[in-house]
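Worksheet for the structure shown next.
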Amino acid sequence: MKIRVGSRDSRLAVIQAEMVMDCIQRHHPEMDVELVTMKTTGDKILDRTLDQIGGKGLFVKELDRALLAGEVDITVHSYKDMPMEQDSRLPIVAVSAREIPFDALVLPSGRRQMDPSKPIGCASARRQIQLEALFPGTEIRPVRGNVQTRLAKLESGEYGALVLACAGLKRLGLEDRVSRVFTQQEMLPAACQGILAVQAREGMDVSFLREFHHASVHIIACAERSFVAELNGGCSAPIAAFATIAHDQLTLEGLYQEESTRRVLRDRITGPCTDAVELGRRLARRMREEAETR
Ligand SMILES: NCc1[nH]cc(CCC(=O)O)c1CC(=O)O
């Protein structure tokens, strides 16, 4: 049986697709696994911010189309880049183990200290609001492009440092560029940061992904995404969510900035793993009420 694996054509996306392919091949040596890369709209437009060109969904549209058309059999994504609205014809059928979920500070090559007179570059409002609290007085400036493009901008001297996901740097073999890993307390990650999602067509036999799939990570992903989905009702405020499981209990920590008051709220909830989606929803509602009563 032949499996065509669809991916964006950035280096990180290809490495991530290859992680899925290697696992399938290792456990199912009889299968013929092939990579199909494509450029997405989000990759082609680099001169505007993601908000201006219509959000994260731009990175998945072309892959969705190819998957629906049967040009590929599965697609591999960074779960954190996947839009909340999911096409029921293209379910997520497997998630990876979670790589280090936290963000990292990266300095220009050869530097051991951040130049405080230069801005810190980051690519999301979530990082922006948390960096403003961590480095008061330092300018936080948006930086776009894939990881390599952003690193090239760092070398050009425009930024004193960048903040990137540890997971992406590690998968790219660039972990030696990490000068500091932020703690959960310092910088709460984006929902599903460090997790890969595999999408297929509804009804497809995906038993070849059984060995790749991590059920406990799926539970964590459900809780984090349910928190974001509940808060996203009408707003696009910066949101962070991070869940862990210990002894069948799930703890979810959430952070978001209320749009009108610009207040940053942070709270956590613990409950049974089986209630993952409900826990995300409950935490979001509680925090929104808290925001509205102050
Ligand atoms: N938005 C781009 C993106 N999507 C996923 C990762 C990192 C890998 C991951 O979170 O699994 C990155 C790079 C970054 O944020 O630094």
>> Anything in region 132-162 that is among the small types (Gly, Ala, Ser) and either in a helix (DSSP H, G or I) or more than 19 Å from residue 8 (Cβ to Cβ) (or both)? List them, or say none.
In response: 133, 137, 152, 156, 157, 160, 161
>> Would you confirm, using the coordinates I've provided, whether residue 80 is free of Cβ contacts under 8 Å to residues at least 40 places away in the same chain and assigned to a helix (DSSP H, G or I)?
In response: no
> Given the conditions (1) within 24 Å of residue 60 (Cα to Cα); (2) within 15 Å of the ligand (Cβ to nearest atom); (3) over 20 Å from the mean Cα position of the chain (by Cα), which single one is not true for residue 154?
Replying inline: (1)
> Could you say which residue among 254, 234, 271 is among the small types (Gly, Ala, Ser), at pLDDT 95 or above and over 19 Å from the mean Cα position of the chain (by Cα)?
Replying inline: 271
> Among 181, 198, 206, which is the only one that is more than 16 Å from the chain's Cα centre (by Cα), within 15 Å of the ligand (Cβ to nearest atom) and of a type in the set (A, V, I, L, M, F, W, C)?
Replying inline: 181
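This table checks each residue for (1) within 9 Å of the ligand (Cβ to nearest atom); (2) surrounded by fewer than 22 Cβ atoms within 10 Å (Cβ to Cβ).
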{"residue": "98", "(1), (2)": "yes, yes"}
{"residue": "102", "(1), (2)": "no, yes"}
{"residue": "107", "(1), (2)": "no, yes"}
{"residue": "112", "(1), (2)": "no, yes"}
{"residue": "119", "(1), (2)": "no, yes"}
{"residue": "127", "(1), (2)": "yes, no"}
{"residue": "131", "(1), (2)": "no, no"}
{"residue": "134", "(1), (2)": "no, yes"}
{"residue": "161", "(1), (2)": "no, no"}
>> Restricting to region 163-178, name every residue that is assigned to a strand (DSSP E or B) and within 9 Å of the ligand (Cβ to nearest atom).
In response: 163, 164, 165
>> For region 252-294, give me each residue that is without any contact (Cβ under 8 Å) to a residue 24 or more places away in the chain and surrounded by 16 or more Cβ atoms within 10 Å (Cβ to Cβ).
In response: 269, 271, 282
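Which residues, taken from region 136-151, are within 12 Å of the ligand (Cβ to nearest atom), touching a residue at least 60 places away in the same chain (Cβ under 8 Å) and either surrounded by fewer than 20 Cβ atoms within 10 Å (Cβ to Cβ) or of a type in the set (D, E, K, R) (or both)?
Of the residues in region 136-151, the ones within 12 Å of the ligand (Cβ to nearest atom) are 143-151.
Subset that is touching a residue at least 60 places away in the same chain (Cβ under 8 Å): 144-149.
Across region 136-151, the qualifying residues are 144, 145, 146, 148, 149.
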> Do we find a residue being at pLDDT below 95, within 14 Å of the ligand (Cβ to nearest atom) and surrounded by fewer than 14 Cβ atoms within 10 Å (Cβ to Cβ) anywhere in region 57-76?
Replying inline: no
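Rundown of residues vs (1) among the hydroxyl-bearing types (Ser, Thr, Tyr); (2) more than 27 Å from residue 244 (Cα to Cα), yes/no style:
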{"position": "81", "(1), (2)": "no, no"}
{"position": "89", "(1), (2)": "no, yes"}
{"position": "96", "(1), (2)": "yes, no"}
{"position": "134", "(1), (2)": "no, no"}
{"position": "137", "(1), (2)": "no, yes"}
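Modelled with pLDDT of 95 or more, surrounded by fewer than 16 Cβ atoms within 10 Å (Cβ to Cβ) and more than 16 Å from residue 99 (Cβ to Cβ): does that describe residue 225?
Numbers: modelled with pLDDT of 95 or more: yes; surrounded by fewer than 16 Cβ atoms within 10 Å (Cβ to Cβ): no; more than 16 Å from residue 99 (Cβ to Cβ): yes.
Answer is no for this residue.
The values are calculated or read from the model by the stated rules, or taken from the named source; none is laboratory data. Because the structure is predicted, anything quoted here is derived from the model rather than measured. Neighbour counts are summed over all protein chains in view; Cβ atoms, including those assigned to glycine, are modelled from backbone coordinates with ideal geometry.
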